[in-house]
Amino acid sequence: MSGSSGDGPRSLTSALHERLRADILATRLLPGQKLHIAGLAKQFSVSLAAVRESLSRLVADGLVQASDQRGFRVSPVSLADLADVTQTRIDIEGLALRRSIERGDEAWLASVKSAWADLKAVPYHYPDDPTVHYEEWVVRHRIFHRALVNACGSPWLLGFRDVLHEQSERYRRLALRRAVGKRRDVEAEHRAIVAAVIKRDADAAVRALSKHFGITKEFVELAASRIAEVSGGP
């Protein structure tokens with residue numbers, strides 16, 4: 001890992017934090033996987049202190065666990081945690097969406113439409129391998145869901161929402177790794193949310209958002225054996 005000549009230890013730590021965060025969310029680093037400080041320092045050509053600080057930040061994000069006895073590891077996953085994350089996300093993001101519909105101006109509405117158009121313009125996964133995500137879709141999907149709630153007026157609410165989105169993203173990416181013999185129309189789910197937002201029908205929008213998150217949960221549950229396999233749990 002390298003930077004410009006003006007980069008100091010803080011910049012390298014931030015870059016390492018973002019790299020490890022991305023690898024966890026994309027499940028390149030799997031749930032329960034041990035994170036060896038010396039190995040990461042060598043891999044990314046950074047100091048031990050930079051690795052420790054990066055991992056400590058990820059602990060605060062809920063993506064890494066720390067133990068005095070066992071060191072650091074990627075936070076494990078479970079169906080109980082999935083249910084908790086999903087319901088809490090419905091509660092938090094539903095509230096943020098309702099407030100955004102109530103308070104958002106025409107510029108906000110235009111940003112939702114723009115983010116929706118950008119998302120539709122790229123495929124959900126690679127046509128020749130449905131278990132591999134099209135990375136640009138992931139980026140635009142994050143932007144789309146954030147645009148929906150950006151007008152809620154509460155940095156705290158948005159902060160909690162962002163943490164829950166990242167936790168949900170790990171589960172969604174894990175489920176995509178395994179074909180479950182069932183198809184979903186993600187675009188139709190998003191379309192229902194946007195249609196309700198455009199009408200400023202907060203109740204319908206929250207119902208569509210809740211259904212969308214619930215379907216994701218169902219697909220993760222169908223892939224439960226794969227999740228247990230990669231996390232080392234039952």
### Message
Exceeding 32 Å between C-alpha atoms, which entries from my cross-link table qualify? They are K34/K113; K34/K217; K120/K217.
### Response
K34/K113
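If we count every other residue with Cβ under 11 angstrom of S154's Cβ, Lys/Arg +1 and Asp/Glu -1, where does the sum land?
Result for the neighbourhood of S154: +3.
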### Solvent-accessible heavy-atom area per residue, rounded to whole Å², over the chain at 1.4 Å
51 Å²
### Message
If I compute solvent accessible area with a 1.4 Å probe over the protein chains, what percent of it on the chain is carbon and sulfur?
### Response
53 percent
### Message
Quick check on the chain: helices-only [θ] at 222 nm, where DSSP H runs of length 4 and up contribute -39,500 (n - 2.57) each and the sum goes over total residues. Nearest 500, please.
### Response
-22500 deg cm²/dmol
### Task
Go through region 54-63 residue by residue and turn each phi into a ³J(HN,Hα) via Karplus (6.51, -1.76, 1.60, θ = phi - 60°); whole Hz please, and just put x for glycine and proline.
4, 5, 5, 5, 5, 5, 4, 6, x, 9
### Task
Compute the distribution of all C-alpha to C-alpha distances in the chain, in bins of 5 Å from 0, and list the percent of pairs in each, rounded to whole numbers.
1, 6, 13, 16, 17, 16, 13, 10, 6, 2, 0
### Query
What FRET efficiency comes out for the pair D201/S11, r = Cβ-Cβ distance, R0 = 41 Å, nearest 0.05?
0.35
### Message
Give me the extension gain from R146 to Y134: residue separation times 0.36 nm, minus the current Cα-Cα distance, reported in nm with one decimal.
### Response
2.4 nm
### Task
Using amide H atoms built 1.01 Å from N in the peptide plane, name the residues 5+ places from L35, or on other chains, whose amide H lies under 5 Å from its own.
F72, R73, V74
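The values are calculated or read from the model by the stated rules, or taken from the named source; none is laboratory data. Every value quoted in this text rests on a predicted model; they were computed, and no experiment measured them. Please note: Cβ atoms are built from the backbone with ideal geometry, for glycine as well, and neighbour counts cover all protein chains shown. The accessibility values were calculated without ligands, DNA or RNA, using every heavy atom of the protein model including side chains. Shrake-Rupley method; radii C 1.70, N 1.55, O 1.52, S 1.80 Å.
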